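Nothing in this text is a laboratory measurement; each read-out follows from the coordinates by a stated rule. What you see is a predicted model; the values in this text were computed from it and never measured. In this analysis, Cβ positions are derived from the backbone assuming ideal geometry, glycine residues included, and neighbour counts consider all displayed protein chains.
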2 protein chains.
Amino acid sequence: MPDGKTLFEKAARGIRTERTPVWVMRQAGRYLPEYRALRKTVDFLTATKTPEIAAQITLQPIDRFELDAAILFADIMTPLEGMGVPIRFAPGPIIESPIRSQKDVDGLRPLDPDEGVPFVLDALSIVRSELPKDRSLIAFAGAPFTLFCYLVQGGGSKDFMDARSFLRGDPEASDALLNLLGKSMIHYLRAQARAGADALMLFDSWVGLLDEKLYRARIQPVMKNIIQEVKAEIDRPIIYFANGGSALLEAASEIGADVIAVDWTRPLHEAVARLGSSTVLQGNLDPSALFASRDELGQEIDKVLESGMGAAAHIFNLGHGIHRTTDPDQLGFLVDRVHETSERLSSDREG
Amino acid sequence: MPDGKTLFEKAARGIRTERTPVWVMRQAGRYLPEYRALRKTVDFLTATKTPEIAAQITLQPIDRFELDAAILFADIMTPLEGMGVPIRFAPGPIIESPIRSQKDVDGLRPLDPDEGVPFVLDALSIVRSELPKDRSLIAFAGAPFTLFCYLVQGGGSKDFMDARSFLRGDPEASDALLNLLGKSMIHYLRAQARAGADALMLFDSWVGLLDEKLYRARIQPVMKNIIQEVKAEIDRPIIYFANGGSALLEAASEIGADVIAVDWTRPLHEAVARLGSSTVLQGNLDPSALFASRDELGQEIDKVLESGMGAAAHIFNLGHGIHRTTDPDQLGFLVDRVHETSERLSSDREG
């Protein structure tokens, strides 16, 4: 790395690399036996709040696979306790007192990361010191609309109708909540970068529930502001994952993120056709493909790599988190296959 | 109706009508106080299995609003008990013994509607005799992939990863299950038509979890077969709702259904642009818009109607089921507004 950039960071900055960098969402998690063993001794919340344990879990997949980036073991809900919202996991997040009025919003405070999430910052600093220099460390935050969904609904849901009704029914209070979340995530992302993160990712897990008009009117300004305010202070590539948002691709690409991460429902070349060849993409193998035969899995991996060739650069990933019942050896096969195929495609391109 | 067709049926056959017919998904349900009152005296499963009660619930929204169609009160899981799968609702469907092998599939039997769901057929016949002649009666079935999701997963899920892993990991057994479900739904839909249904609808609530390639390879043939086999015996318009499937619109439109029902994430005029102006569309107001002010709601309704003007015909509906906390008066406002605006648009078009 004579220029001080890892393969992952080059790609995230739009530089085509000799092979495609690869990591997978939820790579530090339940499909790994070493993770399950560790979690027998400590619950989820304690694991996220104990820097040494969070760091150890973060590094588990890096020890096992040739991945180009580590992503901090944490939850998108982790910083919300620091805003005054008690959360428990069962195993999904439960908010006992959902936010459903201006008064509820007024009871929250903007996140002060040093006070609210010192353990996250400490974990990042441990991981960065232990992670090989040619691997990047990704920190992340939930995007405001997705955090809003959980906070208003009170927990997980397949359609978050209570949250979406609040968004429509009380625009003032819901905009106040979105803005407060936006402001807090700006502080959170900046602090994570200062603590050692090489790249930042915004997870918008539920944004696909919105139509484009509503997204542009109510959510896009908050997202643009986050990117702008973070970038004004720190120089790190930012990845935006608008899950389920193939309908919102153009609007999502306008917020100013360096990398657009996409789910598996549409091929990467379609995203390139819609967004232009200067786009940097991350994704997008269907996590269920890891349950197919090696033959089929190999073909699906190649197809994703070929489909991403038109982008300015491509970071290989799944189109969603790896499933807890996945055979880890299938991920090992995936990483090798991404290396082989992308090196071949890259030399074909040059030849 | 000199030609024996209701407004709804004309539109479903692709004939532009003087005003846009309107009904809403889950119109017979929990947002209605009369439904909640009745359900205090009878549980959900008993209500679906008692023809007089199912008929009464089906007619509740028709008595209250100027809707153009009634949809039978039932659940997409209702016919599965007749295939040998015990199901309970809590309140979502729970399958105690999920189907996860060829042996499990072999333990199922194709549905014989007269034996497995006589109560559905009786309910349809009661509703048809009580429903005014200018209103249509819609019967429905779950599409095989969606039923597959519940049967393999064992209940609801936000991503149905166990079901999708099975689809990839055991293609033979999963295709056998899809085909058996397809065959059963053919019998079910035919029997419902004979019992009095004027139109048929296939709900594919979870098909949006599939990419287009997988849909075309594994699901589309089953869907084409259903439409073909039903149409070979009975002449009723068929509506296909591929929920979350804006990425699959072209593939979904190829199965041969008369009407494509779409969710709210993309505007109707985009569906027309993608599918052509001979397409008949149903949809697609965001159910959360019913929580907005009358002013905003009115504008959103008008936008949907205007957006649907390019289709061969349009049936107004929500883009998903009406939410249980919706104020019924908002639906009353919606129905009136659809009447007013669509009559105006229709006379503008002629003028």
For the table B:Lys5/B:Lys303; A:Lys103/B:Lys303; A:Lys103/A:Lys213, the rows whose alpha-carbon distance is greater than 31 Å are A:Lys103/B:Lys303
Computed over chain A: longest principal axis from alpha-carbon atoms vs helix A:328-350 long axis, angle to nearest 10 degrees, is 60 degrees
The range B:228-289 and the range B:121-171 have their Cα centres apart by a whole-number Å value of 16 Å
Summing +1 per Lys or Arg and -1 per Asp or Glu among the other residues with Cβ less than 9 Å from A:Asn243's Cβ gives -2
Once Lys and Arg are counted +1 and Asp and Glu -1 for all other residues with Cβ under 10 Å from that of B:Arg294, the total becomes -2
If every Lys and Arg gets +1 and every Asp and Glu gets -1 at its Cβ, then about the Cα centre the protein assembly as shown yields a dipole, in debye to the nearest 20, of 340 debye
Checking B:Leu167, B:Leu281, B:Leu268 against a Gaussian network model of chain B (alpha-carbon springs below 10 Å), the top fluctuating residue turns out to be B:Leu167
In the neighbourhood of B:Leu305 defined by beta carbon distances under 11 Å, the net charge of the other residues (Lys, Arg +1; Asp, Glu -1) is -1
For chain A, one quarter of the surface area of the C-alpha convex hull, expressed in nm², comes to 16.4 nm²
Per GNM of chain B with C-alpha springs under 10 angstrom, the most fluctuating residue out of B:Met25, B:Met201, B:Met185 is B:Met25
Phi-derived 3J(HN,Hα) across the range A:80-87 with the Karplus relation (6.51, -1.76, 1.60, θ = phi - 60°), rounded Hz, x for Gly and Pro, is 5, 4, x, 9, x, 10, x, 10
Restricted to the protein assembly as shown, the DSSP antiparallel beta bridge percent, nearest 5, is 10 percent
To the nearest 10 degrees, the tilt of helix A:144-153 (Cα long axis) against the first principal axis of the alpha carbons of chain A is 50 degrees
The Cα extents of the protein assembly as shown along the principal axes, largest first and rounded to whole Å, are 82, 55, 52
For the range B:1-140, averaging the sequence separation of alpha carbon pairs under 8 Å that lie six or more residues apart and dividing by its residue count, the contact order in percent is 30 percent
Phi angles of the range B:21-35, converted by Karplus (6.51 cos²θ - 1.76 cosθ + 1.60, θ = phi - 60°) into ³J(HN,Hα) in whole Hz with x for Gly and Pro, give x, 9, 8, 9, 4, 6, 5, 9, x, 5, 6, 8, x, 5, 5
Ranked by GNM mean-square fluctuation in chain A (Cα springs under 10 Å), the top entry among A:Ile126, A:Ile315, A:Ile239 is A:Ile126
In deg cm²/dmol, rounded to the nearest 500, the helical mean residue ellipticity at 222 nm of chain A, built from -39500 (n - 2.57) for every DSSP H run of length 4 or more, is -14000 deg cm²/dmol
Longest principal axis of chain A (C-alpha) makes with the long axis of helix A:51-64 (C-alpha) an angle, in degrees to the nearest 10, of 20 degrees
Taking Cα pairs closer than 8 Å and at least 6 residues apart, the relative contact order of chain A in percent is 21 percent
